[in-house]
Amino acid sequence: SLAIPPATANAEDTTMDRSAPATSARLLSDTVGIFHELIGRFEQHGVAASSDAPMEFYLQPCVYLSLHLVQMREAGWDDIDYDHIAAVSGASALFAYEPDSFDPKYANLSIGMDDRIADATGFGYAWTPFSGAEGAWRAIVQSVDAGRSVKGWDWENILFAGYEDAGESAERRVYAMTDGPGTYSKWLTWEEFGSWVARIEEWGVGKLGSG
């Protein structure tokens, strides 16, 4: 059986002891390392293919699944790789096509991947809606404090793994990682985070996924 680490083992608390207004930051450093090992080190839109071949990678993978894999590794599922998660999700052999359209057709989003993965592996989580930047901020803080990263929607998907509070909300920052169309692992300013929230709510997918 897998040894699941304590929820707080991943959280690096960098609270600074100084006069008010206090600033506190918490970063899931292990999760950031997992993202780098599986995705970031390739410096392009890709993911490590298999635990048996760490230098091989898939170009332009399903980011929904590659970030799901990061969250599984974070939670202790060390024996799961991308090949495994793609197979059990039911998405590995799907193909969708629309005549006269160059838009990608994401048939994989209509087959219940989360439930399939949970049934096959035991790992699952719920998607919770939020309202506005403050609502998203509170959900991220709560999850990161419990040692769990938070997945959201974007051009593909995004994973939040840290926060930095401040006396003024405009000075807050959120740590985000994504892969597609760009690949990055960095702190977002409050303005950048607010732009993400506005974009996602305009698209009607203002929700976050965490265990």
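The values are calculated or read from the model by the stated rules, or taken from the named source; none is laboratory data. Everything numeric here is computed off the predicted structure, so don't read it as measured data. Note that each Cβ is placed from the backbone with ideal geometry, even for glycine, and that neighbours are counted across all protein chains shown. Side chains included, ligands, DNA and RNA excluded: accessible areas come from the protein's heavy atoms. Shrake-Rupley method; radii C 1.70, N 1.55, O 1.52, S 1.80 Å.
So here's what we get for this one:
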| item | result |
| --- | --- |
| Backbone N under 20 Å from the E192 label point (7 Å along Cα→Cβ), restricted to the range 59-79 | 67 |
| Per-residue SASA entry for T189, accessible area with 1.4 Å probe, Å² rounded to 10 | 60 Å² |
| DSSP-loop GluC sites (Glu not before Pro) across the range 129-189, with at most 12 other Cβ within 10 angstrom | E168 |
| Accessible heavy-atom area order of E56, E74, highest first, probe of 1.4 Å | E56, E74 |
| Most to least accessible of S131, S143 (protein chains only, probe 1.4 Å) | S131, S143 |
| Filtered chymotrypsin sites (Phe, Trp or Tyr not before Pro), the range 109-211: DSSP coil and at most 14 other beta carbons within 10 Å | W155 |
| Solvent-accessible area of K207 with every protein chain in place, 1.4 Å probe, in Å² to the nearest 10 | 70 Å² |
